1. Could you check how many residues of segment A:409-426 are closer than 15 Å to B:His10 by Cβ, more than 6 Å from ligand 2 (Cβ to nearest atom) and surrounded by fewer than 22 Cβ atoms within 10 Å (Cβ to Cβ)?
2. Would you check which residues across segment A:337-372 are open to solvent by 40 Å² or more (accessible area, probe 1.4 Å), in the same structural domain as A:Pro145 (by TED's automatic domain parsing) and within 16 Å of ligand 2 (Cβ to nearest atom) and list them?
3. Which of the residues belonging to segment A:171-226 are farther than 30 Å from A:Leu329 by Cβ and among the polar types (S, T, N, Q)?
4. State all residues of segment A:358-381 that are facing chain B (nearest Cβ under 7 Å) and away from ligand 1 (no atom under 14 Å from the Cβ); if no residue qualifies, say none.
5. Restricting to segment A:122-160, count the residues that are among the polar types (S, T, N, Q) and open to solvent by less than 20 Å² (accessible area, probe 1.4 Å).
6. Restricting to segment A:1-40, name every residue that is away from chain B (no Cβ under 14 Å), open to solvent by less than 20 Å² (accessible area, probe 1.4 Å) and part of a loop (DSSP other than H, G, I, E, B).
7. Take segment A:108-147 and flag every residue that is under 19 Å from A:Ser47 (Cα atoms) and either more than 18 Å from the chain's Cα centre (by Cα) or not acidic (Asp, Glu) (or both).
8. Within the group A:Arg460, A:Arg445, which residue is farther than 30 Å from B:Phe71 by Cα, open to solvent by 80 Å² or more (accessible area, probe 1.4 Å) and either facing another protein chain (nearest Cβ under 10 Å) or free of Cβ contacts under 8 Å to residues at least 60 places away in the same chain (or both)?
Amino acid sequence: MSKIWSFHGGIHPPENKQQSLQRPLEALPLPSRLVLPLQQHIGAPASPLVKVGDRVLKGQPIAEPTGFVSAYLHAPTSGTVVDLVDHSVPHPSGMTAPCVVIEPDGEERWIELQGVDDYRSLEKHELAERIRHAGIAGMGGAGFPTEIKLHLSDDHIINTLIINGVECEPYITADDMLMRERADEIIGGIEIAAHLLTPTHVLMGIEDNKPEAARAMTEAARRSRIDIEVVVVPTKYPSGGERQLVKLLTGVEVPSGKIPADIGIVVQNVGTLAAVYNAVHFGKPLISRITTITGEAASRPGNREVLIGTPISDLLAHAGVDPNRLTRLVMGGPMMGYALGNANVPLIKTSNCIIAGAADEFPPAPPAQNCIRCGACEQVCPAELLPQQLHWFAKGREYDKALNFNLLDCIECGACSYVCPSNIPLVQYYRHAKGEIRREQAEQRKAEQARIRFEARNERLEREKTEKEARRKARAEAAAKAQAAKKDDAVTSAPKADPEAALKAAKTAAAVARTKLKKAEKALQIARDSGESDLAALEAEVSAQQQKVAASEAALKAAESTAPAKTPDIKELKLAAATARTKVTKTEKALADAEAKALPSAEKLRSSLATLRSKADAAQHALAAAEQSARPAAPAEATAAATADLKQLKSNAAILRTKLKKARKAIEAGDSSAELAQQVTELEPQLASAEQALAAAQAQQPPHTGPDLKALKSAVAIARTKVKKAQKALDEAGDNDDLRAELAQLQQQAAAADAALEAAQQATESP
Amino acid sequence: MALMRLSSPHVHRPGKTGDVMKQVIAAALPGLATLVWYFGWGPLINAVFAVTLALLFEAVILKLRRRPLGFYLGDFSAALTGLLLALALPPYLPWWTTTVGVFVAIVIAKQLYGGLGQNPFNPAMIGYALLLISFPVEMTRWAGPQEVTGAQLSFVDALAVIFAGQGLPDAVTMATPLETFKHKGALTADELWAQSAQLLAGLHAWQAVNLAFLLGGIYLLLRRIITWHIPGALLFTLFMVSGFFYGADPSNHGSPLFHLSTGAIMLGAFFIATDPVTAATSNKGKLVFGASIGLLIYIIRTWGNYPDAVAFSVLLMNLAAPFLDYYTRPRTYGHKQPQKGIKR
Amino acid sequence: MADYRKITLDGLWHNNPALVQLLGLCPLLAVTGSVVNAIGLGLATTLVLVGSNLAVSLIRNLVPDAVRLPAFVMIIASYVTCVELLMQSLTYDLYQILGIFIPLIVTNCAILGRADAFARKNPVMPAVLDGLMMGVGFSVVLVLLGGLRELLGQGTLFSDMQLLFGPEAAGWKLTLFSDYPGFLFAVLPPGAFVGMGLIIAVKNIIDARRKARTERQPQPVEDGGSKRVRVTG
Ligand code: SF4
Ligand code: SF4
């Protein structure tokens, strides 16, 4: 038996657990309608998959998660979806929320279930996905989607898995009953959780007021393949609080503002694990749970297996609740549960107990007296706060002081209110104060974001202005240049694909980075809202993403500044080459930085550095080529190797050739006029120069012409096909000289195309 | 069915502030009985009178403040204040003096600050200190134990002394041990005791009274109405300091036992310094609070102007209680360090 | 154009130096053990206030701002010296009782405050009136507190008036309780604080009531110093 630590404070309220343990577990008859709130968990509400009038089968998903922290919802029985409405849901405020209403058909037809026999053969994420698809959310009360806690990212190395079977709240016996009746399911669930988390210790805490459950669990644990230690802890409220249980069983404290997973601990409720077991082994989604119905107004208190969505009124009727005696209807335990305004709300995944309280059992709270600073609250506070001080700050709206006194570490256990001799509703004060603080902080955040956005906008406008200016200048220069170029008839076209491509790449990179940032921010927001999860890590991630966005935006900016060079001349090419080089050095620096900090972005930076380098090289090359082609004075030769120009050159040469041929023919034909002779003599050098230019252009062509490469490729392909076809025809036709000649020619052509392609490829690859 | 929508928790430990006060009152009764046993009817008459007055003043002020009378009187805090003040006063104090004391305690020291829980100073001690400053003659006229003075005042006589302004007959009065010791002049302790045989004979009366209050205090400890920190630290400090000086110079200083068993020490340690409203709240704070009171008591008794010093010491430390609380905050779960002081 | 009515009301009630501005508390609390002390100090303070306001107002356009405070202090000190000499010659016994608090009038911030806040910016007539009314307002509080403390502390009123008003005033003394045991607390400084607090509280009650009344009926009630009489209650 391992050591038990203890935590400060705690109380021993009357347990009142016997009442609901007198009868065995019963199943509630099928209710006439089921109301399923879309949000029964912490996080984003699920979005419905069904519409009114749909027939659903038992276990069929009817709503799917809408975010990372969200959960599936399933039809608890077969029937018809009769409504999708706002219905009052169990919530302290008595609010309404969107619900799916199902009218059972009584047939209980299951959807086809798919369990796995050997979950070990599954990939872990697959296993987690199965749990996710079963819609399991923490059944101890918080309702945090379970698979998130079971399938943590690699930053969390779990050394201890704690199973919470403490059930410290008075009245509730649902977990007690579950442990007695279904110990093996729980153990099965623990095994799955242990498989997913690979902890070194598995501890299970049970209060010593549940000897039977402890015995059942110890028995079952002995049969398990893994080493599960059942630890009996002294009865004290709130031992079942996650943080308190961690302290109790391991002696370490979960740091303020962190989650247990941050210190390598995961806490799971027994009910949740039983649900995990059923989900994995039988494929059963979470559609029912054990709920305690007790309280003095109930004549048949006990534990019931209820379908999620069952109206509480059904449960009350089944437990024989006398409506005349019922004065307070509590969902959850008497310490932390909330009073319901009516019995028309459904039971949800987290409803572990319904207390139908009578007037003498729960008398109205006497009016609060003044705090006499007796310190009783301080003695019992499990979070070691100063409740009386917090109460004064909350009352006086001195929220900053309350924060300084760690108000946010209050777990709202109610121990302080329980003992306060002056009957001060302390917890109520704290809830209100926390709400106010959260509101204030949200406003501050909003203001801060607005400020950042505003500044960013100003910066952007400023940047755009300067860029526009630069572009305008560049354009003017280019125009002047073009004018000059036109004059001496030099067609100075240069490769233009590169800066554009870079711009595009940078844009996509920036967009990707931004999306990632948004995602991270959203995750952070969700985590903040749900008050769980590892905020610090998320925040770090957000800031990393922000950095990335900044970097990629800088890159984009740089690319944009090179992009204007759409009609590049040598100067612009030079500029482009220079920018490319700077980019490379910048990226190199960023990479070094990232590597030093071991940021995950290093990998990306490395690859982008490679592309940038090649681009810089290309730019350099283009510059060199342009310079080279600019140097020879002869206007006709001076044409650089752009596709269009090449074509032009080609057709020029062809025309000249034809003309020359025509002229020669004419001369041959005897029309030896002086005119023709002169034409020929004129044409000959022209053709020669054109052909020369074409050759020059072709020599320079391959490195810069993606499209041409393509064209070449397709030409090769076409040639090959032609060859094949011809060969086929030849085979079919037997010996046919014509065909053979054609084939030979085609083969030659194909070879030529191949060679051209190869040359072009070589040229592109090694510029 | 009318369902109540109340916030959690839905259960509450039985017991109200009034119960706490009642227990404290009950715990003080043995002390009162012992006083009556040794000093006659005076303390009882004083106590009943002071409690009645306290309730009356409280009621008047509550009326003026338009607060529900029954609810606030039912917390018994006013009654307790009246009782504690009466227990601290000389047994046959004239009625008007008591009245002034109770008035100041309830009206000025408590209600003017906002009532129970809002007063920075212990109301009973404010009343006591004010009387001591204002009416030194009346406040230093103590009756001796009846068995020593040999004069027994009947109940009617006692009433007359207190209410009819007859004044306490000289035969009944006697200096308290602390006063005697204070004014011993150049005598050594032994010479002093040799001279005051009467006092020596009556010393056990004062000791018995302190013992009775000690028992009451232990009862409070057992009922967990107070914690041991304040009285423990107070008594321990007083014991150590007086022990130190007694050890160094026994002829000029009282023994630790003398210091612990005379004056209002036990009343102060268990009933007055532990008043939660005006004491430090954290356990560490309580230790410092109690220890400082013990030290101050010794300092004022030995080198100050007044023979006893419980009231002044308690009031001085009342002043420091918020400060102590700010600097002795517990370490909250999940925090490495306790926060200190108050940041804005 | 100065509003003399407003100046008067301000000095006596709305902006009373002792009750509202809480200025000059040191002598106020120290010497108000009896009515005669209060009257003595009140008269002296009023004289100095009137004189200094007059002088400051006269030179207000001659003294540059940078050195105005030393100048004011010089003026006040001169008046205080005059008053001190006068008291020495006329009421030597009282002078002996009030002791250091007469010279200390120089440092009474009520006086410097009025000089700097009012006389410096106003012509002579309003300045003098302001000095007078502030002085009277201050004196009234002094006398009230003195009366209260004398009554509580010694059970008498107007004792030792001969110190100020000559031998025939010796009979003015009212003894309310013949064998009053004396209430030392009231005579000691803490008593002054408590008494002062009570007077301020009463003033606040009256103000609150009046405010409530004027709010109920829009017609402002015609009243001035008459309400002040209630303060004695
Ligand atoms: S328990 Fe109640 S009365 Fe006592 S200190 Fe806490 S809040 Fe004040
Ligand atoms: S509700 Fe908060 S302050 Fe009160 S005992 Fe629980 S944790 Fe402490």
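1. 2
2. Scanning segment A:337-372 gives a single hit, A:Tyr338.
3. A:Thr198, A:Thr200, A:Thr218, A:Ser224
4. Passing the criteria: A:Phe362, A:Pro364.
5. 2
6. Hits for segment A:1-40 are A:Pro31, A:Leu38, A:Gln40.
7. A:Arg130, A:Ile131, A:Arg132, A:His133, A:Ala134, A:Gly135, A:Ile136, A:Ala137, A:Gly143, A:Phe144, A:Pro145, A:Thr146 - these are the residues of segment A:108-147 that are under 19 Å from A:Ser47 (Cα atoms) and either more than 18 Å from the chain's Cα centre (by Cα) or not acidic (Asp, Glu) (or both).
8. Sole residue among the options that is farther than 30 Å from B:Phe71 by Cα, open to solvent by 80 Å² or more (accessible area, probe 1.4 Å) and either facing another protein chain (nearest Cβ under 10 Å) or free of Cβ contacts under 8 Å to residues at least 60 places away in the same chain (or both): A:Arg460.
The values are calculated or read from the model by the stated rules, or taken from the named source; none is laboratory data. Quick caveat, the model's predicted, so the values are computed rather than measured. Glycine also receives a Cβ, built like all others from the backbone with ideal geometry; neighbour counts cover every protein chain displayed. Surface accessibility is based on the protein's heavy atoms, side chains included, excluding ligands, DNA and RNA. Shrake-Rupley method; radii C 1.70, N 1.55, O 1.52, S 1.80 Å.
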